[in-house]
Amino acid sequence: MTPPGSTGAPRSVPWRVHGVLARSRANGPGLRFTVWSQGCSLGCPGCFNPETHRPEGPVRTAGELAAAALAAAGDIEGVTLTGGEPLEQPAAVAAFCAEVTARGGLGVVILTGFTREEIEADPGRLAAVADADMVVAGRYNPRLHLGAGLRGSANKMYWARTGRYRAADFEDVPETEMVIAPDGGLVVTGMRAATAMAARAAEGLR
């Protein structure tokens, strides 16, 4: 049976994607394949990734990205899905996660602005996290800014769905990372980088 939120084989499920980092240490435990979804309607004040909010962007497929992650499966611990808001494209997330867990045994971390209660109340979102090992859930709240352990603010919660990861596994995730992209550009990621972007946004410098 096709789960709620899924539309079939991962190769055919479209996914609006802001960016991909094939190997990252600042987006979860170990070396990780990281996907930033494009599009978010939650509108959290002070969000440090506003360029990912527009619902328009390059379209790839869950199958294409799963194939890329699986090609690196021998070198990486898992995948991290962030954004933007990955759970606003639940069919793509569900298809991708099912493929990389079934075929590669990769650990899955999902960062979302939706709360656990909102996810559990929606069949599509719940299907999207069905194969996740850890979900970092909740709106970003600038008054509770934390910027550590992949939690932007202290209200965001760790929802461990399997025993693969514990909250403590996120304490040693590097705070920042700089990677030279294949096109020669510099990619800066991690919670310290996000904090810097949030500060710039607050000062009206963006």
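The values are calculated or read from the model by the stated rules, or taken from the named source; none is laboratory data. Just so we're clear, the structure is a prediction, and the values are computed from it rather than from any experiment. A quick note on method: Cβ atoms are made from the backbone with ideal geometry, for glycine too, and the neighbour counts reach across all protein chains shown. Just so you know, the surface numbers come from the protein's heavy atoms only, side chains and all, with ligands and any DNA or RNA stripped out. Shrake-Rupley method; radii C 1.70, N 1.55, O 1.52, S 1.80 Å.
For the reader, a short list of remarks on this structure follows.
- Here Pro90 clears all of (1) open to solvent by 20 Å² or more (accessible area, probe 1.4 Å); (2) free of Cβ contacts under 8 Å to residues at least 60 places away in the same chain; (3) farther than 14 Å from Arg23 by Cα except the condition numbered (2).
- Gly28 vs. criteria modelled with pLDDT of 95 or more and open to solvent by 10 Å² or more (accessible area, probe 1.4 Å): no
- The single condition among (1) open to solvent by 40 Å² or more (accessible area, probe 1.4 Å); (2) free of Cβ contacts under 8 Å to residues at least 60 places away in the same chain; (3) among the hydrophobic types (A, V, I, L, M, F, W, C) that Phe48 does not meet is (2).
- Cβ pairs under 7 Å, 6+ apart, first in the stretch 97-111 and hydroxyl-bearing (Ser, Thr, Tyr), second open to solvent by 30 Å² or more (accessible area, probe 1.4 Å): Thr101/Asp131
- When we screen Val59, Val108 for residues that are out of contact with any His (no Cβ under 9 Å at 6 or more places or on another chain), hydrophobic (A, V, I, L, M, F, W, C) and buried (at least 23 other Cβ atoms within 10 Å of the Cβ), the only hit is Val108.
- Scanning the stretch 73-87 for residues that are open to solvent by less than 10 Å² (accessible area, probe 1.4 Å), under 12 Å from Gly105 (Cα atoms) and hydrophobic (A, V, I, L, M, F, W, C) yields a total of 1.
- All positions within the stretch 93-105 that are of a type outside the set (Gly, Ala, Ser), out of contact with any Pro (no Cβ under 6 Å at 6 or more places or on another chain) and open to solvent by 20 Å² or more (accessible area, probe 1.4 Å): Thr101, Arg103
- Looking at the stretch 145-206, the strands (runs of 3 or more DSSP E) lying wholly inside it that each contain 1 or more residues that are modelled with pLDDT of 95 or more, within 18 Å of the chain's Cα centre (by Cα) and aliphatic (A, V, I, L, M) sit at 157-160.
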